[in-house]
Structure formats: C-alpha cells, structure tokens
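Read the structure below first, then the notes.
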C-alpha cells in the first residue's frame, strides 16, 4: 500500500518544521516596526538610504547587463539608464534629506493620480462591489493630497511611518503564519480527501 499526499499539504508539512523561524522573524519585524514608529524621522532616513542603495545596485546590474548584450541596439539606452540609476542612488544615499523630499513628492503625486483614477472609474462603471474600490480610491486620494499640502514637512514623517506600519503588519502576518504552520498536523488529520491510498 502506498500513501500519497497532495503536493500543497506536502509543502506545508515541510514548512511546519520551520514555524519557529517564522515566529521569530515576525516578532523581530514587529519590534523593528514599533521602533520605527517611535523614531519616525530616523526611520525615514533609513528608508531613503535603503531605497538609494537599491537604485545603486539596480543601476550596476543594468550597466553590467548592457555590456553583456553590447551588440544589441539598445546598448546605450541601458548603459545610460544604469549610470543614471547609480548616480541618482548615490545622491540619495549621501543626501538623504533631499532624497526624502523627492520620494515623498513622488509618492504624493502617485497617490493623488491613482486615487482619483480609482474613484472616478468606480463611480462611472459601478460594477459589483464598486463601493469598496471607490473607498480605496478616496482614501488614497486624501493621503496624496495630505502629502502634497504638507510637503516638505511631510517628508520628515511619511516614509518612516509607512516603513514602521509595513514592518508591523508584515511581522504580524509572519506570526499568524507560524501559528498556522504549528497547527498543521491537526489540519492534515481532519482534511477530507487529501490522503489517497493506492495499491
């Protein structure tokens, strides 16, 4: 007799033994996120520096890729893009306040345009559950307007606040996933039709 288990449950069973790491990661993220919420300006600077290094690394990767496919017609376009990414990233890293101003203004414009678009499209099309999309658009629009009206002061708190909230929520999701993985054996025992025996 051979026992076969559905692939999804097999993968979860492998992850079950790692539930402690998920729990530890979640707790660390919650603590770091809470710390960021208490020290929002410092968290803003950290977020800006992190985004700057991401731009530097992505610029290096794009420049290297341009030389790897140098015979392609878009060589100079990729090379210029990579060099600009490196230069802008380094400027942001070494001048985080200017980077915070630029990133906040960019996010404010993005939230305003996206929120307005979602609000108008939901109100015009009125598809099923359109009210939730309209609510999402309205909240996003209000956030964008708040950032624009409060700029440049909003640059001191927005990125740090967003980083703190994101880390707390992500950490909580990892904690919940850890508890779910720990309870997995009970789910496997009660799950109907997932275990199939074949001769």
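Derivation of every value follows stated rules applied to the coordinates shown; laboratory data play no part. Note that the structure is predicted; figures quoted are calculated from it, not measured. As a convention, Cβ positions derive from the backbone with ideal geometry for all residues, glycine included, and neighbour counts pool all protein chains shown.
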| Fully extended contour minus Cα-Cα distance, from residue 179 to residue 83, at 0.36 nm per residue | 30.0 nm
| query | In what sequence do 67, 50 fall when counting other Cβ within 10 Å, fewest first? | reply | 67, 50
| So, in Å, what gap is there between the alpha-carbon centers of the stretch 24-70 and the stretch 118-132? | 35 Å
| task | Please order 103, 53, 157 by the number of other Cβ within 10 Å, starting at the fewest. | result | 53, 157, 103
| message | Counting other beta carbons within 10 Å of each residue's own, what order do 174, 127 fall into, fewest first? | response | 127, 174
| request: Return a whole-number percent for the relative contact order of the stretch 20-161, with Cα pairs under 8 Å and 6 or more residues apart as the contact set. | output: 30 percent
